[in-house]
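The values are calculated or read from the model by the stated rules, or taken from the named source; none is laboratory data. Keep in mind that what you see is a predicted model, and the values were worked out from it rather than measured. In this analysis, Cβ positions are derived from the backbone assuming ideal geometry, glycine residues included, and neighbour counts consider all displayed protein chains. The area values use the complete protein model at the heavy-atom level, side chains included, leaving out ligands, DNA and RNA. Shrake-Rupley method; radii C 1.70, N 1.55, O 1.52, S 1.80 Å.
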Amino acid sequence: MPSRILSGIQPTGNLHLGNYLGAIRNWVTLQEEYDCFLFMADLHAVTVPHDPAALAENTLKVAATYIACGIDPARSTIFVQSQLPEHSELAWLFNCITPLNWLERMIQFKEKSVKQGENVSIGLMDYPVLQAADILLYEPDKVPVGEDQKQHLELTRDIAARLNFQFGSEDKPVLKVPEPLIRKAGARVMSLTDGTKKMSKSDPSDQSRIDLTDPPAVITKKIKRAKTDPARGLEFDNPERPECNNLLSLYQLLSDQTQAAVAAECEAMGWGQFKPLLAETTVAALQPIQTKYDELMSDRAYLQQILVEGKEKAQAIAAPTLAKVKTAMGFAQ
Ligand code: TYM
């Protein structure tokens, strides 16, 4: 049996280069050797106010994006979180063993709850518990995500360990404890308007990110306007020059080169020379994805069929895991 991988993305708005380079692109390589379970985290998408008219459409768009980026539905399982009640049910069981103060410490909760003002839902605080359920239901070996998810994965491991401690025995744990997989390259793609902030779907400025569906002219304009600095020559890893590091890293990843090659190529360049090069490289990297995406979005029946099959394959793994946890916790079966 190949080892198993699980990961997901929230269907909130368009996916951007951070989602692609930090997550999806790695999944595409990983599916060569792992059995991949990839889903749309639509239950997570409703932890902040959402538009019901857009939720199903956004979910389908994310599925199309996975496939357009190279996820092969014949090899990997693609499914919708909310279509498997196992996720919510296991989250409830985890709620009852997770100390409240573990959740109060979560950085993402603190950041997002500030933005919500008076309107913070219990769901927003519970977000990482649901994420732990998403993961542990599939007992994956690894969970490939961007750097921002590290704390949630640590919490997942803590919840698994606590469940094992309370309801299992040392030689017979109830659940497998997974490892995070955070690749250094692309793990933290930064905003185009501020190199110290991560690129994010929830940034109010559209200029701060490049969406995977942005047309070439928009990509070029966003890169042209991206924040830079007045220093001469371009370099990686200078803490005084976060924007420079970010734009060079984007170029490196999108042109599939080593850091050393890019450092040598760009060391004497000015922004006026580099920005058109980055724009051209980004447009060329996204063009095949966009063509495939448009094709997929015009064949909804095909996408729906993949999700029906994905649900079945996912449930075949998730249902027995949930049953195992319920038995361990003493529920009548
Ligand atoms: P979401 O939708 O916020 O992010 C999806 C994936 O994209 C990565 N990512 C980034 N990587 C690099 N640079 C960035 N600027 C950047 N922004 C986002 C995230 O790290 C993530 O890998 N909570 C998850 C969704 C989820 C999940 C799960 C993931 C729900 N259940 C179970 C793994 C396993 C999230 O943040 O989605």
query: Of these, Gly117, Gly146, Gly186, which one is at positive phi and within 8 Å of the ligand (Cβ to nearest atom)?
result: Gly186
- line: Listed by first then second residue, the pairs whose first member lies in the stretch 206-230 and is under 20 Å from Thr12 (Cα atoms), whose partner is of a type in the set (Val, Ile, Thr) and in a loop (DSSP other than H, G, I, E, B), with beta carbons under 7 Å and at least 6 positions apart or on separate chains, are Gln207/Thr193; Ser208/Thr193
- prompt: With respect to the numbered conditions (1) open to solvent by 80 Å² or more (accessible area, probe 1.4 Å); (2) in a helix (DSSP H, G or I); (3) not β-branched (Val, Ile, Thr), which one is the sole condition not fulfilled by Pro230?
  reply: (2)
message: Can you tell me which residue is nearest to Leu6 (Cα to Cα) among those in the stretch 181-221 that are assigned to a strand (DSSP E or B) and open to solvent by less than 50 Å² (accessible area, probe 1.4 Å)?
response: Leu181
field: Hits in the stretch 4-22 (condition: modelled with pLDDT of 95 or more and in a loop (DSSP other than H, G, I, E, B))
entry: Gln10, Pro11, Leu15
- prompt: Of the conditions (1) open to solvent by 10 Å² or more (accessible area, probe 1.4 Å); (2) closer than 29 Å to Ala319 by Cβ, Gln116 fails just one. Which one is it?
  reply: (2)
message: Considering only the stretch 158-172, I want to know if a residue exists there that is more than 26 Å from Leu124 (Cα to Cα), surrounded by fewer than 19 Cβ atoms within 10 Å (Cβ to Cβ) and touching a helix residue (DSSP H, G or I) at 6+ places or on another chain (Cβ under 8 Å).
response: yes
- request: Determine whether Thr220 is hydroxyl-bearing (Ser, Thr, Tyr) and touching an Asp or Glu at 6+ places or on another chain (Cβ under 6 Å).
  value: no
statement: Looking across the stretch 1-14 at residues that are more than 8 Å from the ligand (Cβ to nearest atom) and touching a residue at least 60 places away in the same chain (Cβ under 8 Å), the single one that is most open to solvent (accessible area, probe 1.4 Å) is Asn14
